[in-house]
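> There's a structure below that I have some questions on.
The values are calculated or read from the model by the stated rules, or taken from the named source; none is laboratory data. From a predicted model like this one, the values you see are computed outputs, not experimental measurements. So basically every Cβ, Gly included, is an ideal-geometry build from the backbone, and we count neighbours across all protein chains shown. We work out accessible area using only protein heavy atoms, side chains counted, and drop any ligands, DNA or RNA first. Shrake-Rupley method; radii C 1.70, N 1.55, O 1.52, S 1.80 Å.
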Amino acid sequence: MNLLGAAAVVAALLAGCADVPLEGAPSPSDPIQSPTAPTKTPSATPKPPAKPQPKPTPKPTRTAGRNLADAAPVTRLFPARLRDGKPPLFVVVSFDGAGDLALWSHWRAVAKQVNARMTFFLSGPYLYPGSHRTDYKPPYRKPGASDIGWGDTAAVLGRATVLRQAIAEGHEIGTHGNGHFCGATGVGRWTTAQWTAELSAFDRMVRTGPSLAAGKPVVPPFDPATVKGMRTPCLEGNRSAYRLAMVQRGMLYDASAPGYIAWPKKVDGVWDFPLESVTLAGTSKTTLTMDYNLWYSQTGAKKAPVAQAPVYRAQVLATYRQALAQSRANGNPPLFLGNHFNRWNNSVYSDALTTFVQETCTQPDVRCVSNRELVGWLTRYGVPKAS
């Protein structure tokens, strides 16, 4: 199906009207070159301690291999059933962009407090210097095009360091692609071959970006071959086209499509981990479990006066709690919560999610996991049968 048509159908089904967006673009606050405002979708769819940073050695190939292996994701094992006979209630928190260093520090600290693991969908340009941006040749755009800008030396090297630290702590890195092109001229018309090129470009940015930024050999923050999941820009794209590209490179799950609170299934050869349709607390509105969608449902994605922030924050927190209760009432299917590295609407969404994670992840039946950990559990035990 044509993406724009599909987006309208999804919006109508999940949100009750065709003008509700699927998602907005990230807005990192770290320095980037040629920054742009958050991209909106088309009018029909508005849209344990850290390991020390390794030093370069005279034999970069051999050293890089060893250090990249050290940075491979470490996943945990969970029981098939809890004492009450139910499967664990998995809460999966993920972030798009993953650029802002201050927010990296915040979310790693929050996760450590409650023994949570999270997934961070990295945008390639956040690890690549603007001085080399024309190395990137996206479909239908000029070389070097990017709707989220490019990194500078300090930001790129800072992110490379924090990525290695986060992986050592058990967090997962996924891909959010590169240029973040949304809407009528965005990723919706890309073919499988073009998605393959996009994913290969992401790999090159991870492998070579830090060295280009530093002007000397720098060990990459992780091996891009360990990236097993993707969230597409603005949740857009021809699903069958990009999922084929994912399957061909051995990826395991897609976190892009809207859906419902239910046990996930495999679609097009990958696990479909959706952002879920929920009811905004205190209203009859439906929205997706993504910060941008919550923002749009509350204020049309416009910043409200700071005095209103406590009310909006409480509403978002109540929405998360309702969704958790809905999962418990229906056999504990996973709860997927999406966020950006942002401070939108006076930080309402990041603050509400922080509170929810802190109060939820230590509950006896809850396991706060990365997408990769959930894949491991599903692979080991399969999708629970309806009771």
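> Hey, got the dipole for the stretch 203-286? About the Cα centre, +1 on K and R Cβ, -1 on D and E Cβ, debye to the nearest 20? Mind dumping the intermediate values first?
On the way: 11 positive and 7 negative charges, 32 e Å.
For this selection, approximately 160 debye.
> At a 1.4 Å probe radius, carbon and sulfur cover how many percent of the accessible area of the stretch 314-381? Intermediate results must be reported in sequence, preceding the final value.
Values: 1040 of 2160 Å².
Within the stretch 314-381, the accessible surface is 48 percent carbon and sulfur.
> Calculate, for Ala102 and Ala386, the FRET efficiency according to 1/(1 + (r/R0)^6) with r their C-beta to C-beta distance and R0 51 Å; round to the nearest 0.05.
It comes to 0.70.
> Hey, can you find the accessible area per residue of the stretch 244-387 for me, probe 1.4 Å, expressed in square angstrom?
39 Å²
> Then there's this: So, in nm, how far is label Thr279 from label Asp365 when the simple model puts each one 7 Å beyond its Cα toward the Cβ?
2.0 nm
> Sequence-distant or interchain residues sharing an amide H contact under 5 Å with Met290, placed H: which?
Amide H neighbours of Met290: Gly338.
> Give the residues of the stretch 345-387 whose amide nitrogen is closer than 12 Å to a point set 7 Å from the Cα of Arg83 in the direction of its Cβ.
Once the point is set 7 Å along Cα→Cβ of Arg83, 364-365 turn out to lie under 12 Å by backbone N, inside the stretch 345-387.
> A follow-up question, please. Greater than 19 Å separation of Cα atoms is the criterion. Which listed pairs, Lys285/Lys385; Lys137/Lys216; Lys265/Lys385; Lys228/Lys266; Lys112/Lys266, meet it?
Lys285/Lys385; Lys137/Lys216; Lys112/Lys266
> Give, as a single signed number, the net charge of other residues whose beta carbon lies under 10 Å from the beta carbon of Ser94, with Lys and Arg counted +1 and Asp and Glu -1.
With Lys, Arg at +1 and Asp, Glu at -1, the neighbours total -1.
> Here is a follow-up. Report the local net charge at Asn345: Lys and Arg +1, Asp and Glu -1, summed over other residues whose C-beta lies under 14 Å from its C-beta. Numbers along the way, then the final one.
Values: positive: Lys302, Lys303, Arg313, Arg343; negative: Asp291, Asp351.
Summing Lys and Arg as +1 and Asp and Glu as -1 gives +2.
> Moving to a separate point now. Under 12 Å from a label point 7 Å along Cα→Cβ of Thr191: give me every residue in the stretch 223-260 with its amide N that close.
none
> Please sort 83-89, 161-167, 197-203 by packing, taking for each peptide the average over its residues of neighbouring beta carbons within 10 angstrom, highest first.
Ranked by mean Cβ neighbours within 10 Å, highest first: 161-167, 197-203, 83-89.
> Add +1 for every Lys or Arg and -1 for every Asp or Glu among the other residues with Cβ under 15 Å from the Cβ of Gly269, and state the total.
+3
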